[in-house]
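Engineer: One structure is given below, represented as structure tokens, and several questions about it will come after.
The values are calculated or read from the model by the stated rules, or taken from the named source; none is laboratory data. Quick caveat, the model's predicted, so the values are computed rather than measured. Positions of Cβ are backbone-derived with ideal geometry, glycine not excepted, and every protein chain shown enters the neighbour counts.
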């Protein structure tokens with residue numbers, strides 16, 4: 001038994017089935033063309049690390065180092081005498097030595113200065129000042145050469161202690177910032193010296209370098225202030241501090257009629 005299948009013809013003479021297959025084939029090709037750019041987004045690419053750290057905290061870190069703490073004692077008007085301001089500097093120097101220093105305190109006197117004999121008298125006064133500030137016999141005495149006799153030659157006190165400083169020296173310019181025609185000027189990156197000055201200022205201003213390594217321990221709270229605030233809250237009052245402005249008219253500052 002034979003079965004005759006009649007395929008309807010389009011006006012152009014093509015079978016409808018053939019046209020449908022061509023449309024499906026064209027759709028698949030179009031889908032592949034659209035998916036090809038999206039497939040490139042999923043490619044894992046490893047980029048090289050930047051030559052210069054982007055964050056200035058990483059580029060110029062503040063580190064703790066064992067460095068000398070130096071105090072220069074300049075000669076006073078009266079030789080062999082320590083004036084009150086110099087005595088205050090020596091006491092502060094000894095206070096930092098007791099808190100942060102280790103080893104011996106060294107005292108270096110200048111050699112080659114025109115006032116060598118007067119400097120010897122000043123050195124004796126400095127030793128007495130160190131003893132009165134709490135230093136015992138733990139002192140190392142030495143000399144240093146004077147390179148320019150026209151300049152003042154101080155007596156130099158020093159001790160070793162922990163000091164905060166920037167790991168690298170500031171003021172380095174490894175690249176030319178004005179090179180607009182080179183590739184370096186198109187990178188849109190921070191220059192090497194950026195942030196170094198602020199890091200150096202922070203390290204110079206910190207009172208205790210150990211605070212940069214770990215926080216301090218908690219101290220006892222002010223019980224009087226705490227109880228005053230608690231009592232105000234119990235009475236339904238505002239425990240915050242009241243700030244009053246009195247006689248702050250800026251137009252009256254400077255006098256006048």
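Residue-wise test of (1) surrounded by 13 or more Cβ atoms within 10 Å (Cβ to Cβ); (2) in contact with a strand residue (DSSP E or B) (Cβ under 6 Å, 6 or more places away or on another chain); (3) at pLDDT below 85; (4) within 30 Å of residue 203 (Cα to Cα).
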position	(1), (2), (3), (4)
78	no, no, yes, no
84	no, no, no, yes
87	yes, no, no, yes
104	yes, yes, no, yes
115	yes, no, yes, no
121	yes, no, yes, no
125	yes, no, no, no
128	no, no, no, no
136	no, no, yes, no
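Engineer: Whether any residue in the stretch 158-175 is more than 30 Å from residue 98 (Cβ to Cβ), surrounded by 13 or more Cβ atoms within 10 Å (Cβ to Cβ), under 35 Å from the mean Cα position of the chain (by Cα) and modelled with pLDDT of 85 or more is what I want to check.
Structural biologist: There is at least one residue in the stretch 158-175 that is more than 30 Å from residue 98 (Cβ to Cβ), surrounded by 13 or more Cβ atoms within 10 Å (Cβ to Cβ), under 35 Å from the mean Cα position of the chain (by Cα) and modelled with pLDDT of 85 or more.
Engineer: Which one is modelled with the lowest pLDDT, of the residues in the stretch 34-75 that are under 30 Å from residue 125 (Cβ atoms) and in a loop (DSSP other than H, G, I, E, B)?
Structural biologist: Out of the qualifying residues, it is 75.
Engineer: Name the residue that is modelled with the lowest pLDDT, counting only residues in the stretch 223-257 that are part of a loop (DSSP other than H, G, I, E, B) and surrounded by 10 or more Cβ atoms within 10 Å (Cβ to Cβ). If you could, list the steps in order and put the result at the bottom.
Structural biologist: Step one: of the stretch 223-257, the residues part of a loop (DSSP other than H, G, I, E, B) are 235-249, 253-257.
Going one step further and asking which of them are surrounded by 10 or more Cβ atoms within 10 Å (Cβ to Cβ), we end up with 237, 239.
Details: 237: 89, 239: 86.
Step by step, filter the stretch 223-257, then rank; the result is 239.
Engineer: Kindly check whether there is at least one residue in the stretch 187-209 that is modelled with pLDDT under 90 and in a helix (DSSP H, G or I).
Structural biologist: The answer is no; no qualifying residue exists.
Engineer: Take the conditions modelled with pLDDT under 90, surrounded by 12 or more Cβ atoms within 10 Å (Cβ to Cβ) and in contact with a helix residue (DSSP H, G or I) (Cβ under 7 Å, 6 or more places away or on another chain) and apply them to residue 155. Does it pass?
Structural biologist: Numbers: modelled with pLDDT under 90: no; surrounded by 12 or more Cβ atoms within 10 Å (Cβ to Cβ): yes; in contact with a helix residue (DSSP H, G or I) (Cβ under 7 Å, 6 or more places away or on another chain): yes.
So residue 155 fails the test.
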